[in-house]
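*Asks:* Dropping a structure here in structure tokens format, bear with me for questions.
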Amino acid sequence: MESKVPVSSYFGAMTFDQKAMRARLPKDEFKALQDTIRAGKKITGEIAGVVAHGMKEWAMEQGATHYTHWFQPMTGSTAEKHDAFLSIDRDGTPIERFSGEQLIQGEPDASSFPSGGMRTTFEARGYTAWDPSSPAFLMKGGTGLTLCIPTVFISYHGEALDSKTPLLRSMDAVSNSAIRLLNVLGTTGISRVKTFAGCEQEYFLIDKKFYSERPDLIMCGRTLLGALPPKGQQLEDHYFGSIPDRVLEFMQDVEHELYLLGIPAKTRHNEVAPHQFEIAPIFEEANIAVDHNLLVMEVMRKVADKKGFALLLTEKPFAGINGSGKHNNWSIGTDTGINLLDPGDTPTENINFLVFLVAVLKGVYKRADVLRMSIASTGNDHRLGANEAPPAVVTVFLGEQLETVLDAIESGKVDLKTEKQVLNLGLSQVPLLNKDYTDRNRTSPFAFTGNKFEFRAVGSSQAASVPNMVLNTLMAEALDELTDAIEAKIAAGKDRDSAVLETIREGITATKDIRYPGDNYSEALQQAAKERGLPNLKNTPQALRTLEKPDVRAMFVKYGVLTEQEIESRLNIRLERYVKGIDIEARTLQLMLKTLVIPDVSEYQGDIGSSFNNLLAAAEAIGLSDGAVASQANHLKNLAGNLSSLIDLTAELDECVEKIETIDSEFGKADFCADELLPLMNAVRAVADRLELMVDRSRWQLPTYSEMLFEH
Ligand code: ADP
Ligand code: MG
């Protein structure tokens, strides 16, 4: 490890970044490529040939032998198919080749990736095409290096089979709408508006020896059984505590790998729960941030494995212990470097800020259900609303300062007629004040933190592409609505400034219900949601129904982000994944009950049974009272009673699992899983966990919570 040299000297060394491109490509091609990247366009065949050659030479010099198009199928993870550079010439000479065509277009057999019904197997072909805005990189694996080319994945009929394509489309959509609005506001000369994301990633690390003995962790990533340890996180002594050395070594190795990949890892610390940690990089343009977050998860998994740890990325690995999220910090800004969510020092900056802020409020208010849908998953259902994470209700937190400003504007106390009045709002103070304040309200799912919004309800294992795609799209729509409103007022004879200010005021009034400054974990929030009519979609099937709403579909179609068919396919895939996920969990639980828990308890019951018999035989001789005999009998009876309930519940579970297949609609299956199967699994768990605390530790084969969470 290059421990003595500064990180900046090797940052990005494993990526074909600007520096590498400049060094490897002829000047004209380098410039042409930069221009296409900047304009978000496709690259042409001629440039591709030259770029491919330069990229191959660079990759081979570092020792790469293979390349892969690295893409994001709709499973929420990443996929790759490796090809060697090696080819054999007609005369039999081996030679390394990598053409422009191979760079911009690859052809994986798409049949084993989910298409949600968009593709029948006989035409199971899709192609992957390089996304030149995301740099190619070299990934370590086995003993070699592979050149990975970030790509989109598209069917031969042009439908997006991945999560990257819709995100890129949403970035275009929001850019167009934002530029349109900025022009009306008088800010011209902007050719691209970008969205940025910074993903704070939470995770658990536990010793691999425990992990390998827990079928539930191996198969499902979360424990399906396990009694709470005597010491949980009550003492709160872990958060920001000193990082154990073994974990620190893991973090340092991860960071080293990330730096080589050009990923700006910035902060690391302990999280609330024992063995829970967080890593956060510096924010980047949304599609890069999403790619990088996927790589962060992948690199962590590999390094953890090498270090004898198991990395747990699922949202709720341990019941009763804090779960993990992925705080998605999001902002929007111009290609000239202005953050549009950062109130500035001038009246124009402040007005632009207020308009964009109102756009966020409008978008989140109108599309709260779509945002909720974007983060719905089997794992996240266990976390949201568990008094440790934002609830299923989406509200926005702005902070006291901004609340006061918006209230003042709404009530007409300030009418923003003059520059002085705009400056008097004191908006330039907001980022500073807000940061302090929001740190004290961690309960909000969507909080303004000075110059960005933090979407905290995203689950730790999810790809950030979908939530960012939704944020961009709802923002595009809201920006257009504001522009339309301003233009209509101007057409009706208002001067521009009054039209803008009136629109801001109307926006503030119309979106008041989405603002919630209080505690989002409280009963009051649930009540407020009901009174205000805010969507409260408790589980994944409920949240996914949002994708059936005609007006939601119309929004995605209007902004060119998803076609009707692409929406339908995503809905199918997510429903299927939900049902399959719970089905796997239920089957794993059956296995654990039948092969571990019931046998362990039965054996122990045998021990107690014979010990009781022996005692009975000796009772008279040793003069044991009837009461004492009864106590021991009760102990045995209690154990036997719980074991019998567990056996009965296991039989019920068997029936319930068999029933899934007999339900004919996917929504029917999903609802059955949420409403019948999961509650039954919890009931089973309650009995098993009770038994865990009654049985001799040496008879209990599963590693316990105490061991997994407190032993190092
Ligand atoms: P905290 O949320 O703990 O106060 P920070 O505000 O420093 O921490 O940032 C958390 C994450 O938000 C980091 O990944 C950071 O890079 C990212 N971030 C900071 N500014 C922006 C921005 N303008 N847009 C998007 N993400 C941002
Ligand atoms: Mg944060």
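All of the numbers you see were taken from the coordinates with simple rules; none came from a lab. As the structure is a prediction and not an experimental result, all values here were calculated from the model. With ideal geometry, Cβ positions are generated from the backbone for all residues, glycine too; neighbour counts draw on all protein chains shown.
*Asks:* What FRET efficiency would be calculated for the residue pair VAL414, LYS549, taking the C-beta separation as r and a Förster radius of 45 Å, to the nearest 0.05?
*Replies:* On the way: r = 38 Å, r/R0 = 0.84.
Once rounded, the FRET efficiency stands at 0.75.
*Asks:* Tell me the net charge near ARG699. Cut-off is 13 Å between Cβ atoms, ARG699 excluded, with +1 for each Lys or Arg and -1 for each Asp or Glu.
*Replies:* On the way: positive: ARG697; negative: ASP600, GLU603, ASP607, GLU692, ASP696.
Net charge in that neighbourhood comes out at -4.
*Asks:* How large is the charge dipole for region 578-710, taken about the Cα centre, if only the Cβ atoms of Lys, Arg (+1) and Asp, Glu (-1) carry charge, to the nearest 20 debye?
*Replies:* Values: 10 positive and 22 negative charges, 87 e Å.
In debye, rounded to 20, region 578-710 gives about 420.
*Asks:* A further question follows. Let a ≥ b ≥ c be the square roots of the eigenvalues of the Cα gyration tensor of region 169-562; is it rounded (a/c under 1.5), or, if not, prolate (a/b larger than b/c) or oblate?
*Replies:* Numbers: a/c = 1.93, a/b = 1.79, b/c = 1.07.
Prolate, since a/c reaches 1.5 and a/b exceeds b/c.
*Asks:* Give me the distance between the Cα centres of region 81-110 and region 445-482, rounded to whole Å.
*Replies:* Taking the Cα centre of each part, region 81-110 and region 445-482 sit 40 Å apart.
*Asks:* Just want the ordering: ARG372, ARG180, from fewest to most Cβ atoms lying within 10 Å of their own Cβ. Spell out each step's value before the answer.
*Replies:* Details: ARG372 27, ARG180 18.
Arranged by neighbour count, lowest to highest, ARG372, ARG180 become ARG180, ARG372.
*Asks:* Assign unit charges at the C-beta atoms only (+1 for Lys and Arg, -1 for Asp and Glu), then state the dipole size of the chain relative to its Cα centre in Debye, rounded to the nearest 20.
*Replies:* Details: 74 positive and 99 negative charges, 237 e Å.
Magnitude of the dipole: close to 1140 debye.
*Asks:* Calculate, in nm to one decimal, what ASN638 and ASP245 gain on full extension: separation in residues at 0.36 nm each, minus their alpha carbon distance.
*Replies:* Full-extension gain reported as 137.1 nm.
*Asks:* If you don't mind, there's one more thing I want to ask. How do 47-58, 601-612 rank on mean C-beta neighbours within 10 Å, highest first? Walk me through the numbers before you get to the answer.
*Replies:* On the way: 47-58: 20.5, 601-612: 15.2.
Highest to lowest by the protection proxy: 47-58, 601-612.
*Asks:* Give the relative contact order (percent, whole number) for the chain; include only Cα pairs under 8 Å separated by 6+ residues.
*Replies:* On the way: 1158 pairs, mean separation 108.1, N = 712.
Relative CO of the chain lands at 15 percent.
*Asks:* Please arrange ARG214, ARG685, ARG90 by counting, for each residue, the other beta carbons lying within 10 Å of its beta carbon, fewest first.
*Replies:* Result, fewest neighbours first: ARG90, ARG685, ARG214.
*Asks:* Give me the extension gain from LYS306 to ALA686: residue separation times 0.36 nm, minus the current Cα-Cα distance, reported in nm with one decimal. Please list the in-between numbers first.
*Replies:* Values: separation 380, 0.36 × 380 = 136.80 nm, distance 3.52 nm.
Residue separation times 0.36 nm, minus the Cα-Cα distance, leaves 133.3 nm.
*Asks:* While we're here: Kindly rank 531-538, 317-324 from highest to lowest mean number of other beta carbons found within 10 Å of each residue.
*Replies:* Final packing ranking: 317-324, 531-538.
*Asks:* How much length, in nm to one decimal, is gained on full extension between LYS140 and HIS157, taken as 0.36 nm per residue of separation minus their Cα-Cα distance? Could the numbers behind the result be given before it?
*Replies:* Numbers: separation 17, 0.36 × 17 = 6.12 nm, distance 3.42 nm.
Answer, rounded to one decimal: 2.7 nm.
*Asks:* For region 7-160, build the charge dipole from Cβ charges (+1 Lys, Arg; -1 Asp, Glu) around the Cα centre, then report which of VAL51, PHE113, ALA20 sits farthest towards its positive end.
*Replies:* ALA20
*Asks:* Hey, another quick one. So how do 634-640, 196-202 stack up, highest first, on mean other-Cβ count within 10 Å?
*Replies:* Numbers: 634-640: 13.9, 196-202: 23.6.
Going by the mean number of other Cβ atoms within 10 Å, highest first, we get 196-202, 634-640.
*Asks:* Under unit Cβ charges (Lys, Arg +1; Asp, Glu -1), what dipole magnitude, rounded to 20 debye, does region 527-585 have relative to its Cα centre?
*Replies:* Working: 11 positive and 9 negative charges, 47 e Å.
Roughly 220 debye for region 527-585.
*Asks:* Taking the Cα centre of the chain as the origin and placing charges on Cβ (Lys, Arg +1; Asp, Glu -1), which of LEU624, GLY186, ASN328 is farthest toward the positive end of the dipole?
*Replies:* After comparing all options, I get GLY186.
*Asks:* What is the Cα coordinate range of the chain on the first, second and third principal axes, sorted by size from largest, in whole angstrom?
*Replies:* Each principal axis gives a Cα extent; for the chain these are 104, 83, 58 Å.
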